[in-house]
Amino acid sequence: MDASEREQYRTAIHGDREAFEMIIRTHSRTLFAIAYGILQNREEAEDVVQDSLVKAWKMRWRVRDPQKFPAWLSMIARHRAHDVFRKRRLDFNHETIETTNVNTPETSAMDQQLHSALATLPEVHRAALTLRYFEEMDYRTIENTLGLTNGALRGILGRALASLREQLRPALASTD
Amino acid sequence: MAIIHDEIDNWLAADLYGELSDEEQRQFHTHLVECLACRKTHQETKTMNKILEETLTQQKPDPSFEQRMLAGFRNRAPERTGLLKLLANLMRIRVAQVTAVAAVLLGLVQLGRMITGETATPPAARDRYANEQLFEQPSQVAATSEPGRAGALGKADELAAGKLKDLALAPPQSAVETKSTLERDFKALPATVPPAKAAEAEMAAKETGSEGQAMNYATESIPAETPPSALANRKLIRNATVELEIVSFDDAVQKITALANQERGYVATTSSEKQANGKLRGQVIVKVLPENLDRFLQKIRGLGELKNQTLGTEDVTKAYFDTDARLKNARVMEQRLIDMLKTKTGKVSDLLQVEKELARVREEIEKMQGELKYWDSQVQFATVTISLAEKDMEEPAAFLIKERSQLALYAPDVEKIYDDIKALASQKVQITNAQLNRDYSGRVSATMTMLIVPEESDAVITRVKSLGRVENFQTQTERIAQGGSGMSENAKSKRDKVELNITISREEQEQAFQQTSLRIRTSSVDEKAKDLRAVAEKQGGRVRSSTFSRDPNGRELANAWLRVPMKNYPTLMQSLDSLGKVENVTVQRQDRTGTQIDEANAPADISIQVYSQGNIVSHESGPLATLRRTLAQSAGAIMWSLRMIGVAIAFLAPWAIAILAVIWIIRRVARAKR
């Protein structure tokens, strides 16, 4: 993190709205990736990002160290996404939402399989995958964003891919 | 290679996401070439990655995502403007937080005070109202034929009415308060006059409607509820004292009179007193209306420098209404007694008894009326006691210059000087104390104290000084302020009589200014000692004591102590050289500081020792005597050596024993090791 970035976080914490809006511009996609990784639903993920940003703005004075601001942001997004996820399970609305995602009949079969395979993965694995595929982040950045220790991501992504591969093996065979 | 195979999943992912270093990439591809299973997995992974990319790319947020987020954020968290923003930011600072908490607490305290009515200063207007309204009560009460009932009723009604009319601020509770006070007072009375109680009950019954309810309420909770307006019914005696320092007393009194007239008051008494230094001090007592008191005090302050001010308020409400109620009872009693006299026909003694009682009750009534009147007058006007003092009150009227001198004289004949000084006594020179002491050793000293009129003092002192040798003379002048303290430009100075203390001592008792001791070697001591005496006398010195001695070896020794005046000292010292060889001269000089010394006449002591060599060879001679002396000396030398050897052994023995012991132990240890 360079000095200008840190200064930006600092002024944002002290209530500089422009700095905070700049942070929204640069970080909202990351937050979206995290939220999507957990929820696998774009609308919900977008709502989560929106909520998290508002909440972050209101609670910004809680952050003492400007350097931890991005990690704190993603934590808020993760917690919020968890809340939504839990609520959804209670409401049994899962199926109806998922069906809205269906676009074309050809891709739907493969997508469906992929989504259900993704759904079986642990949440961290999913978040890591989305960060990788959405934002094309390198390992180091993903680790920082998700608050993982150095080198942990290598195993996580390896296991995630292996698990997906196992589940999608029949489908893969048919596409080949 | 086995490592890659075991962890193929991680390697595959890392390869896919470009996280392998060049070296790792090379190793990985080598393994893929070798291992069929891994190659297959690699293929599958690549296909899956493609699907994942395709699928997830669709789910990626669209380009306008950030704008949406921003718009949503701005919508849901609108920007605070101006003061609110400033406040919100301020609240994040610790100091501001503490201040805010303190402010809230303070606010709560103020709220509490407002609720309980603990206000520090009552509004002046209410006070005035209360005074004006209540002053009129007693006269009305006295005029009515049914005093107990009508008086109480009239008062309550008028109070309530007056309040509604004059002071919209004051709630009706205050009227109720008054009534309840009255009621309490009535209840407190001994039950000697039942009709009064009946009248009181009747009165209470007449007070219907809201007032009646309020009354119940008031009797239930009087102590808890004390609204500020209750002050309106209070009988307050206000007094103030002011202490001022002014330039001119008369001017100030005039101004105070004018101010008092302005405030519709009057000057009650004036008193003044003239000090010795012509300054005036006095007191003015002014009566002003209580509501004008504060303003009056403000104006008064402008007259001069305010030294002190007190403002006191005495609450006589309780006592006033107590007396008021008692007065009403007494009137009822009076009426009953009059009725008794009119109607009853009984024994003359009984009638007399009734008359007696009537007289007593009437006396009581008069006393109480007087008391009430006094209070009314006190309440009606506030008393301001103004103490005035002109500036520089403490300035002294005059100064007295007191001179005190001390003189120490040394003279050969104390008695003569004592008598000479006594002869100086006249009307202008008075000897207050004269004392001549002579102790058993013949030492004589005298002390005298005299008072001299200022004009004569210098002449007399000079005369006394000439009588002897002045050892010490000190003069002390004191300026005493009369009738005040500090400085004054106008005060006159007056010289008081000069006090002179004289101490006369004989010269012998005087300590020498310089002490010299020396030795003179000469062959004929006796002769030279006589010469010495002659030399000393020639120089005005005296031999104070002398000794002469001769020892068995023929040595002669003479000691002499001389005293000469300092001015002759050098000549004497020179002439001593003629007596013989002067040796070992030591001179000790005592420089006395702080005293006036006549150095030329100051005494110098010289102690001289005159001595001769004596015989070196003994009187005993011959070979036998020489042999005996030699033997005795040899024996002495041997004894001395033996003693020294003994001392040496005693000193060295412990060391030798210790060293030997150490050597022995070392040897034993060494042997044991072997």
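The values are calculated or read from the model by the stated rules, or taken from the named source; none is laboratory data. What you see is a predicted model; the values in this text were computed from it and never measured. Quick reminder, even Gly has a Cβ in these numbers, built from the backbone with ideal geometry, and neighbours come from all protein chains shown.
Please determine whether any residue of region B:25-44 is farther than 27 Å from residue A:115 by Cα, surrounded by 13 or more Cβ atoms within 10 Å (Cβ to Cβ), within 13 Å of chain A (Cβ to nearest Cβ) and free of Cβ contacts under 8 Å to residues at least 24 places away in the same chain.
No, the conditions are met nowhere in region B:25-44.
Among the residues in region A:57-65, are any touching an Asp or Glu at 6+ places or on another chain (Cβ under 8 Å) and at pLDDT 85 or above?
Looking for residues that are touching an Asp or Glu at 6+ places or on another chain (Cβ under 8 Å) and at pLDDT 85 or above, one finds none in region A:57-65, hence no.
Out of B:53, B:24, report the one residue that is of a type outside the set (Gly, Ala, Ser) and at pLDDT 85 or above.
B:24
Is it the case, given these coordinates, that residue B:480 is touching a residue at least 12 places away in the same chain (Cβ under 8 Å), over 27 Å from residue B:414 (Cβ atoms) and not basic (Lys, Arg)?
For residue B:480, the condition - touching a residue at least 12 places away in the same chain (Cβ under 8 Å), over 27 Å from residue B:414 (Cβ atoms) and not basic (Lys, Arg) - is met.
For region B:314-333, state whether one or more residues are under 30 Å from residue B:252 (Cα atoms) and under 34 Å from the mean Cα position of the chain (by Cα).
Yes, region B:314-333 contains a residue that is under 30 Å from residue B:252 (Cα atoms) and under 34 Å from the mean Cα position of the chain (by Cα).
If I filter region A:23-38 down to residues being touching an Asp or Glu at 6+ places or on another chain (Cβ under 9 Å) and aliphatic (A, V, I, L, M), which single residue comes out as farthest from the other protein chains (Cβ to nearest Cβ)?
A:38
If I filter region A:55-68 down to residues being closer than 18 Å to residue B:73 by Cα and crowded, with 16+ Cβ neighbours inside 10 Å, which single residue comes out as nearest to the other protein chains (Cβ to nearest Cβ)?
A:57
Give the number of residues within region B:54-101 that are surrounded by fewer than 11 Cβ atoms within 10 Å (Cβ to Cβ) and assigned to a helix (DSSP H, G or I).
Qualifying residue count, region B:54-101: 9.
Which count do you get for residues in region B:45-80 that are more than 7 Å from every other protein chain (Cβ to nearest Cβ) and touching a residue at least 24 places away in the same chain (Cβ under 8 Å)?
Here the count works out to 2.
May I ask you to verify whether residue B:444 is in the same structural domain as residue B:471 (by TED's automatic domain parsing) and closer than 21 Å to residue B:475 by Cβ?
So residue B:444 fails the test.
Only residues that are surrounded by 14 or more Cβ atoms within 10 Å (Cβ to Cβ) and of a type in the set (Asp, Glu): list them for region B:554-581, please.
Answer for region B:554-581, where residues must be surrounded by 14 or more Cβ atoms within 10 Å (Cβ to Cβ) and of a type in the set (Asp, Glu): just B:556.
Only one of (1) out of contact with any strand residue (DSSP E or B) (no Cβ under 8 Å at 6 or more places or on another chain); (2) surrounded by 15 or more Cβ atoms within 10 Å (Cβ to Cβ) is not met by residue B:298, so which one is it?
Evaluating residue B:298 over (1) out of contact with any strand residue (DSSP E or B) (no Cβ under 8 Å at 6 or more places or on another chain); (2) surrounded by 15 or more Cβ atoms within 10 Å (Cβ to Cβ) leaves (2) as the failure.
Of the residues that make up region B:503-521, is at least one hydroxyl-bearing (Ser, Thr, Tyr), within 19 Å of residue B:455 (Cα to Cα) and touching a strand residue (DSSP E or B) at 6+ places or on another chain (Cβ under 6 Å)?
There is no residue in region B:503-521 that is hydroxyl-bearing (Ser, Thr, Tyr), within 19 Å of residue B:455 (Cα to Cα) and touching a strand residue (DSSP E or B) at 6+ places or on another chain (Cβ under 6 Å).
Can you work out which of the residues in region B:380-433 that are aromatic (Phe, Trp, Tyr) and under 47 Å from the mean Cα position of the chain (by Cα) is surrounded by the most Cβ atoms within 10 Å (Cβ to Cβ)?
My answer is B:381.
When you check residue B:625 against the structure, is it under 26 Å from residue B:554 (Cβ atoms), at pLDDT 85 or above and surrounded by 11 or more Cβ atoms within 10 Å (Cβ to Cβ), yes or no?
yes
Can you tell me how many residues in region B:366-379 are crowded, with 19+ Cβ neighbours inside 10 Å and free of Cβ contacts under 8 Å to residues at least 60 places away in the same chain?
Residues that pass the stated criteria total 1.
Which numbered condition in (1) under 13 Å from residue B:609 (Cα atoms); (2) free of Cβ contacts under 8 Å to residues at least 40 places away in the same chain; (3) surrounded by 14 or more Cβ atoms within 10 Å (Cβ to Cβ) is the only one that residue B:539 fails?
Checking residue B:539 against (1) under 13 Å from residue B:609 (Cα atoms); (2) free of Cβ contacts under 8 Å to residues at least 40 places away in the same chain; (3) surrounded by 14 or more Cβ atoms within 10 Å (Cβ to Cβ), the one that fails is (1).
Mind checking which residues of region B:519-540 are closer than 12 Å to residue B:576 by Cβ and either within 60 Å of the chain's Cα centre (by Cα) or polar (S, T, N, Q) (or both)?
B:522, B:539 - these are the residues of region B:519-540 that are closer than 12 Å to residue B:576 by Cβ and either within 60 Å of the chain's Cα centre (by Cα) or polar (S, T, N, Q) (or both).
Restricting attention to region B:496-510, does a residue exist that is closer than 30 Å to residue B:541 by Cβ and loosely packed, with under 15 Cβ neighbours inside 10 Å?
Taking every residue of region B:496-510 in turn, at least one turns out to be closer than 30 Å to residue B:541 by Cβ and loosely packed, with under 15 Cβ neighbours inside 10 Å.
Among the helices (runs of 4 or more DSSP H) lying completely within region A:80-176, list those that include at least 1 residues that are modelled with pLDDT under 80, in contact with a helix residue (DSSP H, G or I) (Cβ under 6 Å, 6 or more places away or on another chain) and at the interface with chain B (Cβ under 10 Å from one of its Cβ atoms).
A:105-120, A:152-175
Taking the options B:531, B:526, B:496, name whichever one is outside the structural domain of residue B:607 (by TED's automatic domain parsing) and of a type outside the set (A, V, I, L, M).
Going through B:531, B:526, B:496 in turn, the sole match is B:496.
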